[in-house]
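Only one structure is covered here, and it is reproduced in the block below.
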Amino acid sequence: MSQSEISKYLQQTHDRVFENNRAWAEEQKKRDPEFFTKLSAGQTPEYLWIGCSDSRIPAEQITGLGPGEAFIHRNIANLVVNTDLNVMSVINYAVRHLQVKHIVVCGHYGCGGVKAAMTPKDLGLLNPWLRNIRDVYRLHEAELDAIKDEKSRYNRLVELSVVEQCRNIIKTAAVQQSYAKNQFPIVHGWVFGFEDGLLKDLKVDHEAMLHGIQKIYNLTEE
């Protein structure tokens, strides 16, 4: 592409977003004239969604949720790392202030972050982030090494990583204290499949996981 063609393409892709936005806003007003009045009044989402940054997994579209129904956080490989002030702040705000009832960690099969973590290669800045996934592999090494098919092993690591991120959420003081007082939020682990567009519930047992970690990570006392 020539320089003029690149400039034209960049302008078109920029303008398309605003055209889509105007069309969306008009459609919402047609459906409900009070839509934006209600939206501007505040948010009371039922869900905190922690997903992957992958552009193919828009949380609201695949769940049928609308604006104001889900508080969203996304990062590479949907990780919950206790030293990441971004995700920790999101969890704290969602639980203590928004009082969400459900926290969902949603991974996806075919995750590039998980695949990169399985690659024995120096990935520079990504190394400390992907180490969290490699640690999941280390914790479940025997199970994963017993899976001979590479794709199946890869998919299972995606699932195990989601479960470990759920455990990391349950380790937080905000979640433990809110659950002790209110019996919510409940933490869930799901995985999205590109091949069929469906979510798989990993059946994370919130209560059992909480009891399992509280010998060491009990933070219920304020």
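Output the antiparallel fraction of DSSP beta bridges having both residues in the chain, as a percent to the nearest 5. Intermediate values should be presented prior to the final figure.
On the way: 3 of 21 bridges.
Bridges in the chain are about 15 percent antiparallel.
Extending each Cα 7 Å along its Cβ direction at His211 and Ala23, get the distance between those two points in nm, one decimal.
Once both label points are built, they end up 5.3 nm from each other.
For the range 133-207, rounded, prolate or oblate, judged on the Cα gyration tensor with a ≥ b ≥ c (square roots of eigenvalues), a/c < 1.5 rounded, else prolate if a/b > b/c?
Working: a/c = 3.36, a/b = 1.70, b/c = 1.98.
In terms of gyration-tensor shape, oblate.
Write down the radius of gyration of the range 91-222 and its Dmax, each obtained from C-alpha positions, in Å.
Over the range 91-222's Cα set, Rg and Dmax evaluate to 16.1, 47 Å.
Which chymotrypsin sites (Phe, Trp or Tyr not before Pro) from the range 119-222 combine a DSSP loop assignment with at most 15 other Cβ atoms within 10 Å?
Working: sites: Trp129, Tyr137, Tyr154, Tyr179, Trp190, Phe192, Phe194, Tyr217; in loops: Phe194.
Here the sparse-neighbourhood loop sites are Phe194.
For the chain, what does the accessible surface come to per residue with a 1.4 Å probe? Please give it in Å². Numbers along the way, then the final one.
On the way: 13400 Å² over 222 residues.
With the other protein chains kept in place, the chain gives 60 Å² per residue.
Please give the direction-averaged projected area of the C-alpha convex hull for the chain, in square nanometres with one decimal. Intermediate results must be reported in sequence, preceding the final value.
Values: hull surface 66.3 nm².
Computing the convex hull of the Cα atoms and averaging its projections yields 16.6 nm².
Round to a whole angstrom and tell me the spacing of the C-alpha centers of the range 87-124 and the range 169-197.
Comparing the Cα centres of the range 87-124 and the range 169-197, I get a distance of 12 Å.
Trypsin sites (Lys or Arg not before Pro) within the range 106-182: which are DSSP loop residues with at most 13 other Cβ atoms inside 10 Å?
Numbers: sites: Lys115, Lys121, Arg131, Arg134, Arg138, Lys148, Lys151, Arg153, Arg156, Arg167, Lys171, Lys181; in loops: Lys121, Lys148, Lys171.
Loop-located and lightly packed - Lys121, Lys148.
Using alpha-carbon pairs under 8 Å, 6+ residues apart, how would you state the relative contact order of the chain in percent? Numbers along the way, then the final one.
Details: 282 pairs, mean separation 42.0, N = 222.
19 percent.
Could you tell me what percent of the accessible area of the chain is made up of carbon and sulfur, with a 1.4 Å probe and every protein chain present?
Details: 7040 of 13400 Å².
Summing carbon and sulfur atoms, their accessible area is 53 percent of the total for the chain.
Can you pull the one-decimal nm distance between simple spin-label points at Ser152 and Leu85, each 7 Å off the Cα toward Cβ?
Taking the two extended label points, one gets 4.5 nm.
Give, as a single signed number, the net charge of other residues whose beta carbon lies under 15 Å from the beta carbon of Glu69, with Lys and Arg counted +1 and Asp and Glu -1. Don't skip to the answer; put the middle values down first.
Values: positive: Lys38, Lys101; negative: Asp32, Glu46, Glu60.
Cβ neighbours under 15 Å give a net charge of -1.
Quick one: how many lysine pairs in the chain have C-alpha atoms under 29 angstrom apart, if they're 8 or more apart or on different chains?
So the count works out to 27.
The values are calculated or read from the model by the stated rules, or taken from the named source; none is laboratory data. This one's a predicted model, so the numbers in the text were calculated from it and none came from an experiment. So basically every Cβ, Gly included, is an ideal-geometry build from the backbone, and we count neighbours across all protein chains shown. The protein model used for the area step is the full one, side chains on, heavy atoms only, and it has no ligands, DNA or RNA in it. Shrake-Rupley method; radii C 1.70, N 1.55, O 1.52, S 1.80 Å.
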